[in-house]
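Let me begin by presenting the structure, written as structure tokens, before commenting on it.
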2 protein chains.
Amino acid sequence: MRDVTVGTETVLGKATLILRSFAIGDQALPLAELVRRTGLHKATVYRLCQELVALRLLARESSGYRLSGGLFELGMRASAERGLLELAIPFLLDLYERTHETVHLGVLDGAEVVYVSKINGHRQVRSPSRVGGRMPLHCTAIGKVLLAFGDPSLRQSVLSKPLERRTPHTIVAPGSLSKAVTAIRRTGVAFDREESALGITCVAAPLVGADGAVAAISLTGPTGRFRPERHVAALQATAVALSNVMVRRGFPGYRGG
Amino acid sequence: MRDVTVGTETVLGKATLILRSFAIGDQALPLAELVRRTGLHKATVYRLCQELVALRLLARESSGYRLSGGLFELGMRASAERGLLELAIPFLLDLYERTHETVHLGVLDGAEVVYVSKINGHRQVRSPSRVGGRMPLHCTAIGKVLLAFGDPSLRQSVLSKPLERRTPHTIVAPGSLSKAVTAIRRTGVAFDREESALGITCVAAPLVGADGAVAAISLTGPTGRFRPERHVAALQATAVALSNVMVRRGFPGYRGG
DNA sequence: GACCTACGTCTCGGTGAGCGAAACGTTCGA
DNA sequence: TCGAACGTTTCGCTCACCGAGACGTAGGTC
């Protein structure tokens, strides 16, 4: 399902390839499926899976293998994400209580958004975002904020490649996007009006740590009911308060990778 | 800092050993520290770290290595934890809004609690729990619930070993714990009155999935102000509602490992 | 300045862990 | 009854991995 270009010739490379071949919604995958996705030899995948199970990185199920709790534990020790998350949670809760809309916290990694937290109530908004998941920069509110307040070289590299059209509303003209980004830099707020998924509207504001823009928070709702303009004040207030704490604590700043 | 007994003779074993040698609060660890913690040869750790960086499982910092965002992404795909988490979040939020106290969601893994979620406001409760972290069963509210509603063999094995004393209030007499567990089974609620950490009080209730008790939720607060008895009703109501949803969705059930 | 220690990096020859072709038993559905 | 797909196991070859050791540097002590 994914092709990794680095080091498939080493054991470690093969093992990570297997682990990463699990998509975000997957439950248990049978051996043959892993063979298909990774392109590795059947015996190799079999042997490695055995070992990964012994190491508690995979778990055996009747229908195949799944990523195990050991990986969850390990992942939650990644310091950059965890530090930001622990700092942010009380603020995200504030925002949720004031609005009762879905709250996201996202960071930049490479040229994509990675969602670090998602807080939502019972009202189901069928948004494609998931914690630990990725989305493009140009069609999400958080992404556009990161684009606007991030490194200029990033802006250039994103604008130089063709932009993927996700919905009829996705901004794919580099000129329009560039203009939008400039406006976002001025206003400090970005919108996503069904640009990443139909029926979904978002607003986002930047979080500025001790060393520049590092992350963003957003509110998400269904296009009909959800009025993003109404929540701009609360969103920005939260973003500013959280940014202050980040700076005060000398937050090291989120660095992708 | 930790000794893993499996497969240190394979590359994969060594790599996981390195990754797991990061404790939960660690930022960046220098090479020498990793050598010390793992007991591996300097050149080996060096080589493996190089490769782990290339695979985006570690990140290079001026002061050493840290667990990278790639691990966070991977960890969030662990299906059992993620499935439970996504289902539970709206309910945990309800509970937080009603009480404004710290909410935990924990599951059983081996003979310990693993925290899957922690929701807290600005009021800092200096509790030792962290998402992805572990605590013993016998001295935490969630742990005692899991003990009470979990497999009888687990109960026996925990009671047969000497119980670690964490505070003067920790129940270390097997007889007393056994009695407490019986009471918990009857009442459906467990308390932790400064048994795991001084100044910390908790209440917990079980989550029962399609195939038996699989998890527990709890409320935590500072001993002085926090009155656990006042929140029992809200806690249990939330637990029941969430359990119902778990059963209705045929929640596969959390299985450790 | 001279000495020492600790650290990160790199080299190199020996060897055993890992490789993949192939065979095997089983369970499906055709 | 046949065939296809799957999980499992064997086996001999070979190359990726190992660890002793050397090297340059930084920092601390006398």
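The values are calculated or read from the model by the stated rules, or taken from the named source; none is laboratory data. Only a predicted model underlies this, so the values are computations on that prediction, with no experimental measurement involved. Heads up, the Cβs are rebuilt from the backbone with ideal geometry, glycines too, and the neighbour counts pull from every protein chain shown.
Taking residues in region B:166-191 that are modelled with pLDDT of 95 or more, and partners anywhere that are β-branched (Val, Ile, Thr), the pairs with Cβ atoms closer than 6 Å and at least 6 places apart or on different chains are B:177/B:171; B:189/B:232; B:190/B:145; B:190/B:184; B:191/B:203. Do we find a residue being assigned to a loop (DSSP other than H, G, I, E, B), assigned by TED's automatic domain parsing to the domain that holds residue A:199 and touching a Leu at 6+ places or on another chain (Cβ under 8 Å) anywhere in region A:122-129? For region A:122-129, residues assigned to a loop (DSSP other than H, G, I, E, B), assigned by TED's automatic domain parsing to the domain that holds residue A:199 and touching a Leu at 6+ places or on another chain (Cβ under 8 Å): absent. Within the set A:182, A:201, the sole residue that is away from chain B (no Cβ under 14 Å), surrounded by 15 or more Cβ atoms within 10 Å (Cβ to Cβ) and polar (S, T, N, Q) turns out to be A:201. Test residue B:12 against the stated conditions and say whether it is part of a helix (DSSP H, G or I), within 16 Å of DNA strand D (Cβ to nearest atom) and either facing chain A (nearest Cβ under 9 Å) or touching a Pro at 6+ places or on another chain (Cβ under 6 Å) (or both). Spelling it out, residue B:12 is indeed part of a helix (DSSP H, G or I), within 16 Å of DNA strand D (Cβ to nearest atom) and either facing chain A (nearest Cβ under 9 Å) or touching a Pro at 6+ places or on another chain (Cβ under 6 Å) (or both).
Tell me, please, whether a residue that is modelled with pLDDT of 95 or more, surrounded by fewer than 24 Cβ atoms within 10 Å (Cβ to Cβ), within 18 Å of the chain's Cα centre (by Cα) and part of a strand (DSSP E or B) can be found in region A:204-220. Looking for residues that are modelled with pLDDT of 95 or more, surrounded by fewer than 24 Cβ atoms within 10 Å (Cβ to Cβ), within 18 Å of the chain's Cα centre (by Cα) and part of a strand (DSSP E or B), one finds none in region A:204-220, hence no. Residues of region A:76-122 being among the small types (Gly, Ala, Ser) and closer than 23 Å to residue B:93 by Cα, which ones? Hits for region A:76-122 are A:83, A:88, A:106, A:117, A:121.
Would you point out the residue of region B:54-71, among those that are part of a loop (DSSP other than H, G, I, E, B) and under 14 Å from residue B:22 (Cβ atoms), that is nearest to DNA strand D (Cβ to nearest atom)? That would be B:63. Scanning region A:78-90 for residues that are more than 7 Å from every other protein chain (Cβ to nearest Cβ) and in contact (Cβ under 8 Å) with a residue 24 or more places away in the chain yields a total of 5. The single condition among (1) of a type outside the set (D, E, K, R); (2) farther than 21 Å from residue B:115 by Cα; (3) free of Cβ contacts under 8 Å to residues at least 24 places away in the same chain; (4) assigned to a helix (DSSP H, G or I) that residue B:74 does not meet is (2). Apart from one condition, residue B:194 fits all of (1) crowded, with 20+ Cβ neighbours inside 10 Å; (2) under 18 Å from the mean Cα position of the chain (by Cα); the exception is (1). The residues of region B:244-257 that are crowded, with 22+ Cβ neighbours inside 10 Å and modelled with pLDDT of 90 or more amount to a single one, B:246. Answer yes if at least one residue in region A:41-53 is over 24 Å from residue A:117 (Cα atoms), more than 12 Å from DNA strand D (Cβ to nearest atom) and either more than 8 Å from chain B (Cβ to nearest Cβ) or assigned to a helix (DSSP H, G or I) (or both), and no otherwise. Yes, the conditions are met somewhere in region A:41-53. Residue A:101 fulfils the conditions (1) out of contact with any strand residue (DSSP E or B) (no Cβ under 7 Å at 6 or more places or on another chain); (2) of a type in the set (D, E, K, R); (3) surrounded by 17 or more Cβ atoms within 10 Å (Cβ to Cβ); (4) more than 11 Å from chain B (Cβ to nearest Cβ) except for a single criterion, (1).
Considering each residue of region A:54-77, count those that are among the small types (Gly, Ala, Ser) and either more than 7 Å from every other protein chain (Cβ to nearest Cβ) or loosely packed, with under 14 Cβ neighbours inside 10 Å (or both), and give that number.
So the answer is 4.
For region B:192-203, the tally of residues that are free of Cβ contacts under 8 Å to residues at least 40 places away in the same chain, of a type outside the set (Val, Ile, Thr) and in a strand (DSSP E or B) stands at 1. A count restricted to region B:31-61 and to residues that are small (Gly, Ala, Ser) and more than 9 Å from DNA strand C (Cβ to nearest atom) stands at 3. Taken together, the residues in region A:130-156 that are more than 21 Å from residue A:94 (Cα to Cα), among the basic types (Lys, Arg) and not in a helix (DSSP H, G or I) amount to 1.
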